[in-house]
1. Search the stretch B:208-226 for residues being of a type outside the set (A, V, I, L, M, F, W, C) and not in a loop (DSSP other than H, G, I, E, B), and hand back the single one that is modelled with the lowest pLDDT.
2. Quick check: anything in the stretch B:238-248 assigned by TED's automatic domain parsing to the domain that holds B:Leu292, modelled with pLDDT of 90 or more and surrounded by 22 or more Cβ atoms within 10 Å (Cβ to Cβ)?
3. Among the residues of the stretch B:11-39, which ones are at pLDDT below 95, near ligand 1 (Cβ under 10 Å from one of its atoms) and of a type in the set (Gly, Ala, Ser)?
4. Tell me yes or no: at least one residue of the stretch B:256-276 is open to solvent by less than 50 Å² (accessible area, probe 1.4 Å) and in contact with a Lys or Arg (Cβ under 6 Å, 6 or more places away or on another chain).
5. Check every one of the strands (runs of 3 or more DSSP E) wholly within the stretch B:3-51 and list those with 2 or more residues that are acidic (Asp, Glu).
6. In the stretch A:103-134, what count of residues is obtained for those that are over 20 Å from B:Ser55 (Cα atoms), out of contact with any Ser or Thr (no Cβ under 7 Å at 6 or more places or on another chain) and modelled with pLDDT of 90 or more?
7. Output the residues belonging to the stretch B:67-88 that are out of contact with any Gly (no Cβ under 7 Å at 6 or more places or on another chain), at the interface with another protein chain (Cβ under 9 Å from one of its Cβ atoms) and part of a loop (DSSP other than H, G, I, E, B).
8. The conditions are (1) among the β-branched types (Val, Ile, Thr); (2) open to solvent by less than 50 Å² (accessible area, probe 1.4 Å); (3) under 20 Å from A:Asn82 (Cα atoms), and A:Thr179 fails exactly one of them. Which is it?
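The values are calculated or read from the model by the stated rules, or taken from the named source; none is laboratory data. This is a predicted model, so every value here is computed, not measured. Here Cβ is always computed from backbone atoms with ideal geometry, including for glycine, and neighbour counts include all displayed protein chains. These area figures cover heavy atoms from the full protein model, side chains too; ligands, DNA and RNA do not enter into them. Shrake-Rupley method; radii C 1.70, N 1.55, O 1.52, S 1.80 Å.
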Amino acid sequence: MTSTLSAPSTEAPESSPDRANWHGANVWTQIVVLTGRSLRAVVKDPRIVVFSLLQPLIMLTLFSQVFGKALMSSIQTGSYINYLMPAILVTTGIGASLQSGVGLITDMKNGVLGRFRALPIRMGSVLLARSLADLFRTAVQLVILLCAAAVLFGFSPKGGLLGTFSAWLLALMVSWSLTWVFLAIASWVRKEEVMQSVGFLAMFPLMFASSAFVPLDALPNWLSVVARVNPLTYAVDASRDLSLALPVGTGVLSAVGASAVLLLVGAFFAIKGFRRPL
Amino acid sequence: MARPPIEVENVTKDFGKFKALDDVSLRVPEGNVLGLLGHNGAGKTTLVNILSTLSPPTGGTARIAGYDVVRQSRQVCARIGLTGQFAAVDEQLSGLDNLVLIARLLGAGKRAAKQRAEELLTLFELTEAAKRPARTYSGGMRRRLDLAASLVGHPDVIFLDEPTTGLDPTSRMGLWQIVENLVDDGTTVLLTTQYLDEADRLADSITVLSSGKVVASGTAEELKAEVGQRTATATLADPAEAPRALEALGRAGLSPVHDEQRHAVTAPVNASHELAVVVRALDEAGIEVSGLGLGEPTLDDVYLNLAHHASESAA
Ligand SMILES: Nc1ncnc2c1ncn2[C@@H]1O[C@H](COP(=O)(O)OP(=O)(O)O)[C@@H](O)[C@H]1O
Ligand SMILES: [Mg+2]
């Protein structure tokens, strides 16, 4: 490849007979094409999937080995892995939605979003495509995690395949709605480091001051009070209800409701923020 | 043919208290190239961003092909191509995929998109690298891919923001050639640059921007006639001698300007033998010179000259 350029001719009228119609694809095509673009990046660079699986795998190993024995007594649901795994599904899903926000900021830096802005397409399509691609990636990750848990740690919940499938759906729903919250934060903050710290600061207390790893009764008093108002507790409990075939009560319903609200609010602010000039 | 493809009327842009653009007006007729000339920070990118709908003006109106950039941004987007100052390509995707993506977003079918992408890759001599991720491209290749991406939709109007800044001379000339071919096809181009020679080579008319204001506009010939074809620059051994040097050159019939930054005096000269006039005049006045050069006019000369005229008319 030389850097020399001969004089290329730009005349090519006959080759694009439909150029008059190239004034912007319809919204459906925009979303499909843009989602495909984001997914392609994942397929081309599967390291992203592998690396983001490492953290939950390590947690799964550590927690099941460290707490497993100690907590057996206070858990009525059989082995600790069966207790832990529904929580890991939810927290991994939330971690993935944080990564969505970070990814959006990376894209903004990349410059390619600048080009999208000068195209006759909707900015909502760009965001929706990003969230869908990440949702798909998360779905695959959670399936891999579930298989690993079943094969390596003997995860076999009472809810069976159907219960596990519903818990998987619930985790994806929570992840997708929080993706919009993090996309909203990302499109206002626009700095990767800030985004990472916001996520870190929000995630860790939420994760540990909840029923994710330890039953509420086993937490110190003040922490169990915090955990009782922590929305993550409810998401995790709902996931457990489904996979462990516990009586499914208002937990699942309120998780669905809360997700819908987060989704709408997040989407509103994400699109508003994203439209602001770079 | 109703309206010119690019119309800018009294556009201002404020960033807080800072005025990045101050009452800028210009028009570019169909098929013409406007060179927007200005130093770093003059407001070139700000204007390009407004015209390509990326940011709204604080005041004034701008229209592309008759469509308002604020109220009819979608129609504007459908008719423009933008090659920003920094290459806007997807690093992860191959050159081919980048172009196919843009074509699909513009509404091309799968086959038409691929065909258009391949056509452009051939045109920009990127066929060999078509399947490689764009992050492996050299600076020049990236620029070409970026330019190709902005041409996918056969835009009527193209914005090129400093298209050759940071390119090696060969790639630079290659890019000039591409722009010239575009213009032959009737595309209207607004090109920003810091280099007078680039504007001179490509532009039908030039607008000089300084601190957000239009300070001069006209054809390259008109500007150069004002600036002088070439300039002689004498660097002074003792900067304090500047007033005497200016006086000596003035007596010799030249119109010298003091270039304080370079400790030099500069004077437009018409032919190289006038260089001798400079040497003689300074020698006779006993002024020691540490360097002497003959240069093609640059943007600096335009600015110096404008400043010169301003001070003359004030006096
Ligand atoms: N988003 C912004 N916020 C504040 N100031 C800005 C912003 N964008 C540009 N500027 C300022 O406006 C001036 C013009 O910038 P720009 O249009 O990028 O100049 P050019 O492209 O001619 O080098 C500069 O002084 C720059 O610092
Ligand atoms: Mg600029």
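1. Per the stated criteria, the residue is B:Glu226.
2. Yes - at least one qualifying residue is present in the stretch B:238-248.
3. B:Gly16, B:Gly38
4. The answer is yes, given that some residue of the stretch B:256-276 is open to solvent by less than 50 Å² (accessible area, probe 1.4 Å) and in contact with a Lys or Arg (Cβ under 6 Å, 6 or more places away or on another chain).
5. In the stretch B:3-51, the matching strands (runs of 3 or more DSSP E) lie at B:6-15, B:18-28.
6. Counting residues in the stretch A:103-134 that are over 20 Å from B:Ser55 (Cα atoms), out of contact with any Ser or Thr (no Cβ under 7 Å at 6 or more places or on another chain) and modelled with pLDDT of 90 or more gives 1.
7. The one that is out of contact with any Gly (no Cβ under 7 Å at 6 or more places or on another chain), at the interface with another protein chain (Cβ under 9 Å from one of its Cβ atoms) and part of a loop (DSSP other than H, G, I, E, B): B:Arg79.
8. All conditions are met except number (3).
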